[in-house]
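Just so it is clear, none of the values below were taken in a lab; they were calculated from the coordinates. No experiment lies behind these values; they were computed from the predicted model shown. All Cβ positions, even for glycine, are placed from backbone atoms using ideal geometry, and neighbour counts span all protein chains on display.
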Amino acid sequence: MKPLLIKGARPYGEEPRDLLLRDGLIAEGAVDDAEVIEADGLIALPGFVDLHTHLREPGREDTETIATGSAAAALGGYTAVFAMANTDPVADNAVIVQHVARRGREVGLVDVHPVGAVTVGLKGERLAELGTMAATGVLMFSDDGHCVADPLLMRRALEYSTALDVVIAQHAEEPRLTEGAQAHEGEHAARLGLAGWPAAAEESIIARDCLLARQTGARLHVCHVSTAGAAELIRWAKSQGITVSAEVTPHHLLLDDERLATYDPVNKVNPPLRTAADAKVLREALAEGVLDCVATDHAPHAQQDKDCEWSAARPGMLGLQTALSVVVATMVEPGLLDWRGVARVMSERPAAIAGLTDQGRPLEAGEPATLTLVDPAATWTVRGALLASIAANTPYEGMTLPGRVVTTVLNGRVTAHEGKVLQ
Ligand code: DOR
Ligand code: ZN
């Protein structure tokens, strides 16, 4: 592989500096035979890490595959993704997680880390073989899509996780409180006659799990925090020294339940879009570090599962290729985060939460050449049909968003450049 010279990029939005990439690492000095990327005006950040991606393989390759999802990730500036376990069959055993990891390596566009299920078949009845999966290199376990609702099972999972030094990521949704739920319980759902998904269903599980994390000393990660009250609980837990981390999705930062008025199921997601007041608190909590990171909850769905009546539609939204732009719109432009902060929430914190040692590293000599170049001045208009995912269910269709990923580099190899994937 030829050395690569990135000329004039601004690491973390600071002073321009040439970055020489050689043998997979950021290097010192100059070489004559380097390929050059002119990066005047571009911002260099460590490659993004997504703790929450649904790649749908095995089982729903009509909506996404590890290949197409990896392409979407690379185009979105990601160099590592965590592939959720709610596939078909479920990734609740060593065979499936190893298959996902191997396909990820074969595709080679991003580091694909399989997430193992906490319970067999995501049924919430008995623990999956966490140890066997951890032995294959699984770093994170989650029943995402479902909540590990049984408190004793959650306690046991947390206990095992401490011994295995892995993270348990919880989709916080008290099932009895969300039976039949279709949208955030509030004014808009009431007007449309949609059964409500109350904030307390999310918050009660987060409160319980923080207490269980305190009791067990485990590393608890809370998926897609969506309410102001949930952010307050996490603030409290951290103040008590509880080892909890939390993610927020781009859509919960930008969108709110006024979108229900469209009655378009592209806006159906779990947890649901909350109020504008919730979204404001989430943005502030992310800026403060109460919420650690942004995770996409990239959830591709087939057209027939989205272009139907609201109650029949599946929850979920594409996110990988729009995440950076939504973070620019909601966090950078309003002055809540600078580019150092973007590096923190998109790369450094998620890498640290999962325990990755080769991602989220400083842009310095001797470190992995794993980085993303962003044009902060560019804008682009989202078209679901043009995204790399097989599915097209983006809630940002037709919206013009700020900030564009120009180049993604994984271990010195360009994986995406100017909107094209380089295999
Ligand atoms: O909206 C969602 N979609 N939330 C989840 O928890 C699961 C995901 C999916 O798998 O489609
Ligand atoms: Zn979830």
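Evaluating Glu203 against the criteria (1) over 23 Å from Thr357 (Cβ atoms); (2) more than 15 Å from ligand 1 (Cβ to nearest atom); (3) touching a residue at least 60 places away in the same chain (Cβ under 8 Å); (4) within 23 Å of the chain's Cα centre (by Cα) leaves one unmet condition, (3). Does Gly180 satisfy the condition of being over 23 Å from Val90 (Cβ atoms) and either assigned to a loop (DSSP other than H, G, I, E, B) or within 16 Å of ligand 1 (Cβ to nearest atom) (or both)? Yes, satisfied. When you scan the stretch 241-250, do you find a residue that is touching a strand residue (DSSP E or B) at 6+ places or on another chain (Cβ under 7 Å), farther than 22 Å from Val326 by Cα, more than 16 Å from ligand 1 (Cβ to nearest atom) and in a helix (DSSP H, G or I), even just one? No, the stretch 241-250 contains no residue that is touching a strand residue (DSSP E or B) at 6+ places or on another chain (Cβ under 7 Å), farther than 22 Å from Val326 by Cα, more than 16 Å from ligand 1 (Cβ to nearest atom) and in a helix (DSSP H, G or I). If you filter the stretch 309-321 down to residues that are assigned to a loop (DSSP other than H, G, I, E, B) and within 15 Å of ligand 1 (Cβ to nearest atom), you find that the one that is surrounded by the most Cβ atoms within 10 Å (Cβ to Cβ) is Leu318. Among residues of the stretch 352-368 that are surrounded by 17 or more Cβ atoms within 10 Å (Cβ to Cβ), those with a beta-carbon under 7 Å from a residue that is small (Gly, Ala, Ser) and not in a helix (DSSP H, G or I) at least six positions away or on a different chain give the pairs Ala352/Gly360; Ile353/Ser245; Leu356/Ala80; Gln359/Gly47; Gln359/Ala80; Leu363/Ala44; Pro368/Gly24. Would you check which residues across the stretch 254-273 are in contact with a helix residue (DSSP H, G or I) (Cβ under 7 Å, 6 or more places away or on another chain) and either farther than 16 Å from Gly319 by Cβ or more than 15 Å from ligand 1 (Cβ to nearest atom) (or both) and list them? Matches in the stretch 254-273: Leu254, Asp256, Asp257, Glu258, Leu260, Ala261, Tyr263, Pro265. If you filter the stretch 39-53 down to residues that are of a type in the set (A, V, I, L, M, F, W, C) and within 25 Å of Ser245 (Cβ to Cβ), you find that the one that is surrounded by the most Cβ atoms within 10 Å (Cβ to Cβ) is Phe48.
Residue-wise test of (1) surrounded by 24 or more Cβ atoms within 10 Å (Cβ to Cβ); (2) within 16 Å of ligand 2 (Cβ to nearest atom).
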site: Glu14; (1), (2): no, no
site: Asp18; (1), (2): no, no
site: Glu35; (1), (2): no, no
site: Thr65; (1), (2): no, no
site: Gly69; (1), (2): yes, no
site: Ala85; (1), (2): yes, yes
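If we scan the stretch 149-171, do we find a residue that is more than 13 Å from ligand 1 (Cβ to nearest atom), more than 18 Å from Gly217 (Cα to Cα) and surrounded by 22 or more Cβ atoms within 10 Å (Cβ to Cβ)? The answer is no; no qualifying residue exists.
Please tell me if Gly229 is part of a loop (DSSP other than H, G, I, E, B) and either more than 16 Å from ligand 2 (Cβ to nearest atom) or surrounded by fewer than 19 Cβ atoms within 10 Å (Cβ to Cβ) (or both). Judged against the criteria, Gly229 is not a match.
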